[in-house]
């Protein structure tokens, strides 16, 4: 499949693109600026320029699936979080539906399904993610949502703890998050499902199969 990676220049997004290159899928990296495209072109990856705060409909042409991994970043305020993490995601889902995209994978965050339980200074982020996730669920698209715990830069292990709801918080390498997102594209039985995920002892493929 031709897979549009929205947020490809982010820390998880770059790893998603790399993981897709190891599969039969064709990644297309959506980036905001032409300078960001240079690194992907060196990797032999197709790119498309698109800004979530503007019109990016052209990015969906000839795409069959999308992985939404964009985020405003940890140093922005509530306004930017709502623009990117919430409204940007909602616009992406609308365009995916318009273009008949077969599969939509959403990178969310642990706690987004229960935003009212989060710390006060973090609730705006959880609610933005929550609203985007709920919009995707109601969209009619074939989707899966992944809600990872705290992200680290450690080398991935390929092993996770994954359930619809985890009653614990933990860490997980970005590499393992990327691998799980890519696996969700074609793993049977994951359509319409949402998962919390942290590091664990079960191989990613086995965790998704269960």
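Observations, loosely collected:
- Between the C-alpha center of segment 1-76 and that of segment 150-210 there is a gap of 21 Å.
- In this structure, residue 121 and residue 54 have a Cβ-Cβ separation that, at R0 = 30 Å, corresponds to a calculated FRET efficiency of about 0.55.
- Antiparallel DSSP beta bridges within the chain, as percent of all bridges there, nearest 5: 15 percent
- Helix-only CD estimate at 222 nm, as mean residue ellipticity for the chain, using -39500 (n - 2.57) per DSSP H run (n ≥ 4): -9000 deg cm²/dmol
- Candidates 117, 166, 151, ranked by Gaussian network fluctuation over the chain, Cα under 10 Å, top entry: 117
- Once the Cα gyration tensor of the chain is diagonalised, semi-axes √(5λ) in Å: 23, 20, 17
- Computed Kirkwood radius, in angstrom, where 1/r is averaged over Cα pairs of segment 134-210: 12.5 Å
Where a number appears in this text, it was derived from the coordinates with a stated rule and is not lab data. Note that the structure is a prediction, hence the values are computed from the model and not measured. Using ideal geometry, Cβ is built from the backbone for each residue, glycine included, and neighbour counts are taken over all protein chains shown.
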